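Below is one structure; the comments refer to it alone.
What follows is calculated from the coordinates using simple rules that are stated; it is not laboratory data. Since the structure is predicted, the reported quantities are computational estimates derived from the model, not experimental observations. Counting neighbours? That spans all protein chains shown, and the Cβs are built from the backbone with ideal geometry, glycine included.
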Ligand SMILES: NC(=O)c1ccc[n+]([C@@H]2O[C@H](COP(=O)([O-])OP(=O)(O)OC[C@H]3O[C@@H](n4cnc5c(N)ncnc54)[C@H](OP(=O)(O)O)[C@@H]3O)[C@@H](O)[C@H]2O)c1
């Protein structure tokens, strides 16, 4: 049996549906939102004040996918104590139960563990997170690498979807363009966004191929946020003057944002042979979904 912690979240839900479509036995935890399949496979879990009894009672558990947490970078800083409790203290308490077992933890981490000052971080670059969010992720990573023999830590760059309702990078920009709203887009923040189904396929290939360790996964196209928003507007024939060129310093973030959010994915590609989807192909998928209204 597989267990997804945070099945009601963006990536966790995609993983759950993917494994379900392969006919696997999957359960998942949710907190404030429900999900399709919850009546059969859902387990309520509040990591601020957790009761792990339903999880520990699961039979034949082989893998746990950690896809949960306070994922908003600024919220981790503003509510440092409560986010730390969810993202670190109680995540580690949950993990602790599985050290003496053969259960393999698959932990979704982030490129925010790095300093953000260069392109194409590799797994051997030393983490140096400038944000509370990144520090919390590193703390759990360190716990896993020192306590478990078999694990997967997958450090992800910005993950996006292709559905109108997901409100991720491109779909939320497109929504704004459709409403003729201005998009403020930084021309000095470099990103390499990765399609969520590439993440799901990579996770599946790593697990089925028994590839353990730390892996980076980001999109293979790196450009500034401004350039990507221009590409999107051009593809969908929207007025590109709706996109206002900005600098990182024009945004009032609470926590510093990396200038480079890009990862070298060579290790995961070599291990799994996975082919990443191009941004252009995802635009085509978005076009189809928006036409169908989802
Ligand atoms: N999305 C990205 O671009 C990205 C990039 C790099 C790394 N990651 C990592 O990938 C993982 C998944 O990201 P995501 O974007 O899918 O996250 P998300 O959509 O924000 O989902 C977060 C999940 O955590 C659950 N959760 C929140 N507070 C909780 C609590 N107190 N107790 C128990 N569960 C709680 C949520 O449950 P409810 O919704 O039911 O409240 C939800 O299922 C995260 O660990 C994130 O750090 C994501």
Residue 74 paired with residue 51, simple spin-label distance in nm, labels 7 Å along Cα-to-beta-carbon | 3.6 nm
Where does helix 279-292 land angle-wise versus the long Cα axis of the chain, in degrees 0 to 90, nearest 10?
-> 90 degrees
Over the chain, what is the percentage of antiparallel beta bridges among all DSSP beta bridges, to the nearest 5?
-> 5 percent
Quick one: grab Rg to one decimal and Dmax as a whole number for region 195-294, Cα atoms only, in Å.
-> 16.8, 49
In the chain, how does Rg compare with the Kirkwood Rh, expressed as the Rg/Rh ratio over alpha carbon atoms?
-> 0.96
In degrees, nearest 10, the alpha-carbon axis of helix 132-147 is tilted away from the dominant principal axis of the alpha carbons of the chain by 40 degrees
If you take the beta carbon distance between residue 239 and residue 259 as r and set R0 to 25 Å, what does 1/(1 + (r/R0)^6) give as a FRET efficiency, to the nearest 0.05?
-> 0.30
Mean Cα-pair separation over length for the chain, i.e. relative contact order, pairs under 8 Å, 6 or more apart, % | 18 percent
How much length is gained if the chain between residue 227 and residue 118 is pulled fully straight, taking 0.36 nm per residue apart and subtracting their Cα-Cα distance, in nm to one decimal?
-> 37.4 nm
Would you please put 229-240, 50-61, 196-207, 91-102 in order of how densely packed they are, using the mean number of other Cβ atoms within 10 angstrom per residue and starting with the highest?
-> 196-207, 229-240, 91-102, 50-61
Segment residue 179-residue 139, extension gain: residue separation times 0.36 nm, minus the distance between their alpha carbons | 10.2 nm
Packing rank of 273-282, 108-117, where each peptide gets the mean count of other beta carbons within 10 Å, highest leading | 108-117, 273-282
State log₁₀ I(q)/I(0) for region 126-215 at q = 0.17, 0.18, 0.19 Å⁻¹ as given by the Debye formula over alpha-carbon point scatterers of equal weight, solvent excluded.
-> -0.94, -1.00, -1.05
So how tilted is helix 225-235 from the main axis of the chain? Cα-based, degrees 0 to 90, rounded to 10.
-> 70 degrees
Could you tell me which of rounded, prolate or oblate describes region 81-129, using a ≥ b ≥ c as the square roots of the eigenvalues of the alpha-carbon gyration tensor, with rounded for a/c under 1.5 and, failing that, prolate when a/b is larger than b/c and oblate otherwise?
-> oblate
Per the helix-only calculation at 222 nm, which mean residue ellipticity applies to the chain, given -39500 (n - 2.57) for every DSSP H run of n ≥ 4 and division by its residues, nearest 500 deg cm²/dmol?
-> -10500 deg cm²/dmol
Would you please give the FRET efficiency between residue 284 and residue 62, computed as 1/(1 + (r/R0)^6) with r the Cβ-Cβ distance and R0 = 35 Å, to the nearest 0.05?
-> 0.45
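Calculate the FRET efficiency for residue 96 and residue 167 from the Cβ-Cβ distance with a Förster distance of 35 Å, rounded to the nearest 0.05.
Calculated value: 0.50.
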